[in-house]
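The values are calculated or read from the model by the stated rules, or taken from the named source; none is laboratory data. It should be emphasised that the depicted structure is a prediction, and the values quoted were computed from it without experimental measurement. Virtual Cβ from ideal backbone geometry, glycine too; neighbours counted across all protein chains shown. To get the accessible areas, we keep the full protein, side chains included, count just its heavy atoms, and leave off ligands, DNA and RNA. Shrake-Rupley method; radii C 1.70, N 1.55, O 1.52, S 1.80 Å.
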Amino acid sequence: MTETRKIESALLDESYYVCTHKSGLEVYVYPKEMTSSYAIFATKYGSVDNRFKLEGDSDFTEVPDGIAHFLEHKLFETEEGEDTFQRYARTGASANAYTSFNQTAYLFSCTDNFYASLEILLDFVTKPYFTDENVKKEQGIIAQEIKMYDDNPGTNLFYGLMGALYEKNKIRTNIAGTVESISHITPEILYKCYNTFYSPSNMILSVCGNVDVERTMELVDKYIKTSEIKKIIRDYPTESPSVFCPRFEKTFSVAKPLFEIGIKDTEISLDPRERAKKNLAVDILNDMLFGKSGKLFNDLYGEGLISRGLGASFEHNLSFSFNAISSESSDPEAVFGRFCDHCEEVKKNGFSKEDFERIKKVIYADIVKSFDSTEEIATNIVWQRFNDCGIFDSVDIIPTIDYDYTKDVFDKLFVPSSYALSIIRNPEE
Amino acid sequence: MKPIKFTIADGITLNVISTRKFKTAQLAINFLVPLRRETAAKNSLLSAVLLRGTAKNPTIADISRKLQSLYAASIAQTNYKRGEVQVFGLYSNFIDSKYSLDGCDILGGTLGMMAEMLFDPYIIDGAFCEEYVEGEKSNLIDKINGRINNKNSYALTRCHEEMCRDEAFGLDILGSEETVKEITHLSLYEHHKEIIEKARIDVFYVGAESPEVILDKVKDMFSGINGRVPEPLSTNVKRSSDSVREIVEYDSVEQTKLSIGFRTGTVLSDSDYYKFSVFSEVYGSGTTSKLFMNVREKLSLCYYCQAVPEAQKGIMVVISGIEAEKYDAAREEILHQLDEVKNGNITDDEFDGAIESLCGDYMRIYDSPDMLEAWYIGRSLAGRCDSPEDAARMIKTVTKEDISEMAKKLTLDTIYTLKPNEEDK
């Protein structure tokens, strides 16, 4: 019943297998000669998915903020009472989990006993056990996790920016929720979310290292039950192309003001290959316009307006899309002004073709570099798959990105009405 | 995968780990010097200034363009301490020339750029460019002041500083605002010459190239340098604490950060250090440790609570972030769990889990060029050359009694607490 395909990249000298299990679960098996092997079992379910229904349901269900993350913590609990970490300890695996805006992932890395650890992973993720008591216990731990992030100026800066860019999108809210929102979580709501999003057809298993298809699929057969595949309907709010509010400011004990410039993007193609192409084009733009070889960085750094690099990153997927540029400066407003001027100039005069071709090489090399770690490979597979792409697609797409396409992406993305500025500064200033 | 070691000149060694495992390679040039108040800031500043420009590529933009055309080769600064030794210098990472699309010699180009930075920097009137030095001084001061931004690591650093306030280990590798301000473009240039003459230099390569090829290239880079007398390196170890100090500071934080510092009585150069590694794992590292299982999982007092050892200096700090009103409970439990280990109350699960987990950690080092380099630099400073695989073998001989013995050697030294401001009012 399982279909297996081999996917190869001659350029990268890499290959892997994709197996579609009868349950609908897609399994990626990536043999790689490294000391450690890595497995990640992920569901396409994150903090932004908090209004949803299954095909055939009449009403949408709305759940408290932070529940996907709470569920991630709680899955480690077992009915037998034995702690999951304790089970992993016997196989020597180093296990963890994380929740992002649009996925929840359970993972382990090991240098021995891979299949014994994989069994633990498949077992505990498919056996939820939520009780009033264990939910209450977790509220204390997660409250401290939330407060730890509250004490982090970078987290405040980021969510400040998201709150400025977006009016309704759940990306405005901390992935972990608030101490208040998680107090409303009950075992019933957890089961509801679990039963909706932890169905095999909404999940991916990705393994990389000293692994083979046959043994991996044997375990998948053993643990993954086939059930009726129901379509999940997620309700994401519609956002205007303009920012919700152009400025966010908060005081915090930091040495120097931190700032992050955000550019909201509502042009999100339904074609995954087009999304991947645009993503790479903006990566090129970010490196070319804000990187260390670019004029803006060198001017600002030379004048002492910034004391480290400008970090730029573009997030582009079906539920949100934004570009963000951050650093620290004694005068964030001045930097923002220079950023705007710089973008206007690029809009008018374009950018150097020589720079463009050179940065394309950089983006290609960054992809080559990402194939040196079983963790990075297994994680990227999941990330790409949830965006309906394959892990080798990027190297094929890069040559198709030309100057005119990239300039067009720039002109549409860098529009002043979609800019927002978030600043964290010391109260004494 | 043990490194092959070559002596390039007096006090300059090259370590090569030649492996086809990675698509990227890395080469680090590390200067190892005693950590001192007078030089910490200069060392930190030096790499930053070297990265600003070379005679042939005088600006960051020039260097950056050159590196980009070498398929995103990167050269960055390293700066950390191992015990009372400051390790700083330049570190490069680049893809194997095999993946170049136009036959570019990526290795040669990157090493050439590193050599330019070190031996042919951008010079004006016989010294570093004043504008660059002043600019980097101000950036370094920002970095020093910016330590407070990350409250978790700040609470750990402050505990180290208070514990070792009369020892070199207590110094910040970045130096202090005052010592940075005293530096001029002239004094830094003199310091550069001194470093080339006096620092111990460890060059470390991990990548696909053969040791012979790397040896030739590195020899070229350091040609003409000889008759060096590097300064000896050592770390002063205080095996036990005489008294307990409590330090409380306030900041605008939501959560109280607690750091409990111990003298461990064991250092990496001791023949039985591997027993300490197992102790530290059982007590406070990872998800099966006593601290995680009890302070977090059983009592839900915190999200993180772990022991952070410093192998060369023989200290260990337990760090945690807790609710202000649960401060006493958390502190008590952290110390209580240590007593449990001292009294030999270690379950089989805790013991086996620690051994398995440590073995995994050691073996994973082979998948990371960075970790391999850090491992061997640490070992060589402690006068050892055992590999991660050797360490994994050794810990399997440790018994529960050994762990209790190690725990008994610990003495409490300093308790540092960063509290929310409101409490102060």
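Data for the structure
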quantity	calculated
Computed log₁₀ I(q)/I(0) - Debye formula, equal Cα scatterers, no solvent, region B:240-315, q 0.14, 0.18, 0.24, 0.28 Å⁻¹	-0.58, -0.88, -1.13, -1.22
Table column - 3J(HN,Hα) (Hz), region A:343-349, Karplus curve with 6.51, -1.76, 1.60, x for Gly and Pro	5, 4, 5, 5, 4, 6, 9
Pairs beyond 20 Å (Cα-Cα), from A:LYS147/A:LYS168; A:LYS369/B:LYS66; A:LYS168/A:LYS277; A:LYS295/B:LYS98; A:LYS277/A:LYS407; B:LYS21/B:LYS396	A:LYS147/A:LYS168; A:LYS168/A:LYS277; A:LYS295/B:LYS98; B:LYS21/B:LYS396
Aspartates and glutamates whose Cα lies under 15 Å from that of A:LYS225, excluding same-chain neighbours fewer than 8 positions away	A:GLU26, A:GLU119, A:ASP123
Rounded accessible area per residue of the protein assembly as shown, 1.4 Å, Å²	39 Å²
In region A:285-347, GluC sites (Glu not before Pro) in a DSSP loop with at most 13 other beta-carbon atoms within 10 Å	A:GLU303
Shielding by other protein chains, A:358-367, mean Cβ within 10 Å	5
Overall form of region A:62-136 per C-alpha gyration tensor (a/c, 1.5; a/b vs b/c)	oblate
Accessible area buried, both sides summed, chains B and A with 1.4 Å probe, Å²	5100 Å²
Geometric extent, Cα atoms of region B:1-96 - Rg, Dmax (angstrom)	15.3, 43
Kirkwood-type radius of region A:3-234, with distances r between different C-alpha atoms, in Å	18.9 Å
Nearest-10 value in Å² for the accessible area of A:ASP411, using the 1.4 Å probe	50 Å²
Distance (nanometres) between label positions extended 7 Å along Cα→Cβ at A:CYS340 and A:THR61	4.6 nm
10 Å Cβ neighbours from other chains, averaged over peptide B:17-29	2
Pair-distance profile P(r), taking every C-alpha pair of chain B, with 20 angstrom steps and integer %	24, 52, 23, 0
Listed residue pairs exceeding 25 Å between alpha carbons, taken from A:LYS250/B:LYS181; B:LYS42/B:LYS219; B:LYS5/B:LYS219; A:LYS6/A:LYS231	A:LYS250/B:LYS181; B:LYS42/B:LYS219; A:LYS6/A:LYS231
Whole-Hz ³J(HN,Hα) from phi, Karplus 6.51 cos²θ - 1.76 cosθ + 1.60, for region B:226-231, glycine and proline x	7, x, 7, 10, x, 5
Residues B:ASP125 and B:ARG239, FRET efficiency given R0 of 35 Å [Cβ-Cβ distance, rounded to 0.05]	0.10
Phi-based couplings in Hz for region B:396-403 (Karplus 6.51, -1.76, 1.60; Gly and Pro marked x)	6, 8, 6, 10, 4, 4, 4, 5
Accessible area of B:VAL229 in the full protein assembly, 1.4 Å probe (Å², nearest 10)	110 Å²
Sparse-neighbour loop sites [GluC sites (Glu not before Pro); region A:244-286; at most 16 other C-beta within 10 Å; DSSP]	A:GLU267
Descending semi-axes in whole angstrom, ellipsoid equivalent of region A:247-425, from the Cα gyration tensor	28, 19, 17
For region B:4-221, the Rg and Dmax computed from alpha carbons only, in angstrom	18.0, 56
B:ASP216 paired with B:GLU177, simple spin-label distance in nm, labels 7 Å along Cα-to-beta-carbon	5.3 nm
Spread of Cα-to-Cα distances over 5 Å intervals beginning at zero, given as percent, for region B:178-274	2, 7, 10, 10, 10, 12, 13, 14, 11, 5, 5, 0
Radius of gyration and Dmax over the Cα atoms of region A:159-239, both given in Å	18.2, 49
Residues with amide H under 5 Å from that of A:THR61, placed H, sequence gap 5 or more	A:PHE52, A:LYS53
Gyration tensor verdict on region A:1-97 (Cα atoms; rounded if a/c is under 1.5, prolate if a/b is larger than b/c, oblate otherwise)	oblate
Top of B:ALA324, B:ALA41, B:ALA28 by mean-square fluctuation, Gaussian network on chain B, Cα under 10 Å	B:ALA324
Area accessible to solvent at B:CYS164, 1.4 Å probe radius, in Å²	0 Å²
Protein accessible area in the protein assembly as shown, 1.4 Å probe - carbon and sulfur %	47 percent
Label-point separation in nm, A:THR400 to A:ILE233, each point 7 Å along Cα→Cβ	3.2 nm
Fully extended contour minus Cα-Cα distance, from A:LYS225 to A:ASN96, at 0.36 nm per residue	44.1 nm
Distribution of pairwise C-alpha distances over the protein assembly as shown, 20 Å bins, in %	14, 46, 37, 3, 0
Approximate shape of chain A as ellipsoid semi-axes (Cα gyration tensor, √5λ), whole Å, largest first	37, 28, 20
